[in-house]
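The values are calculated or read from the model by the stated rules, or taken from the named source; none is laboratory data. These figures come from a predicted structure and were not determined experimentally. Glycine gets a Cβ as well: all are built from the backbone with ideal geometry, and neighbour counts include every protein chain shown.
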Amino acid sequence: MKKYLPLILLFLVCTMSAYGHVIDYEFDKIKTHVVFWNCLVTGYKHIIPEGYDHILFIMCVFFLNTSIKKIVLQASMFTLAHSITLGLALYGVIKPPVNVVEPLIALSIVFLALENVFSNKVKPWRLLMVFLFGMVHGMGFAAGLSDALTQMGAPKQAFATALVAFNIGVELGQVTIILIMYYGLAHMFGKKPWYRKRIVIPASLVIAAIAGFWTVQRVVIAVNAKNEKVVTYNSSTLIERKKEVVYCL
């Protein structure tokens, strides 16, 4: 029996390795399909209907000019920018603090909306501004994508698939908003002499006001979150209290 023991052990090891390989292969294959579809849907939902701030940003992009080519150009700059920071955040290269990113996202909408009031042309620096703001929005997207991957239990090797699918979903969401706005407003009224005065400027001011409120609200939330837990020490005791400092004597 002893002389067959090495052969038996070798057989068991080979069997386990082969079995494990098959399981991993099927797991990865299924996960890739699930990850792609779920992340595509998550990306779309992150714009429509859940991404109120991103919707307002795209509306700001739309309102500056009625030319569909210039609207798409700005949207493309936004997509390129958020894809860069989303990828960097997803792979852990950068770790943007949410309490800083969220107020900046709202503030970016304020800037873009106010520019629509004072300008009616797509200038080179407008594209640069959209690009920079897009990088900020990409950091915000990262939280949503990370949560989706965590819930799915997706392996790290599926991150590239997730990134591509999520970006496609976001882009589809943006295109949906642009098409609705274009055929609902610009296509019918864009050439009217009153279009800018009665639609673009009032709408941009409303957007600026909403985003301004969000900015203040998010700053307050961030400050409160920072002060939510205060930790104090006494020789051997650690006590945590919300919004108060407790001293142990």
Considering every residue within region 127-138, establish whether at least one is within 25 Å of Val200 (Cα to Cα), touching a residue at least 60 places away in the same chain (Cβ under 8 Å), touching a Cys at 6+ places or on another chain (Cβ under 7 Å) and in a helix (DSSP H, G or I).
no
Do you know which residues across region 85-94 are within 13 Å of Met135 (Cα to Cα) and not in a helix (DSSP H, G or I)?
Ile94
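If you check Glu115 against the conditions, is it of a type in the set (Asp, Glu) and closer than 19 Å to Pro202 by Cβ?
Yes.
Yes/no per residue for (1) part of a loop (DSSP other than H, G, I, E, B); (2) modelled with pLDDT under 85; (3) within 30 Å of Tyr182 (Cβ to Cβ):
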| site | (1), (2), (3) |
| --- | --- |
| Cys14 | no, yes, no |
| Lys29 | no, yes, no |
| Glu50 | yes, no, yes |
| Ile58 | no, no, yes |
| Gln74 | no, no, yes |
| Ser83 | no, no, yes |
I'd like the residue in region 151-167 that is over 15 Å from Tyr91 (Cβ atoms) and part of a helix (DSSP H, G or I) and, out of all such residues, is modelled with the highest pLDDT.
Ala165
Every residue from region 117-126 that is over 21 Å from Gln174 (Cα atoms) and either acidic (Asp, Glu) or assigned to a helix (DSSP H, G or I) (or both):
Val117, Phe118, Pro124, Trp125
Of Val170, Val117, the only residue that is surrounded by 12 or more Cβ atoms within 10 Å (Cβ to Cβ), within 19 Å of Ile58 (Cβ to Cβ) and in contact with a Gly (Cβ under 6 Å, 6 or more places away or on another chain) is Val170
Hey, among the residues in region 120-151 that are among the charged types (D, E, K, R), farther than 19 Å from Glu50 by Cα and surrounded by fewer than 16 Cβ atoms within 10 Å (Cβ to Cβ), which one's nearest to the chain's Cα centre (by Cα)?
Lys123
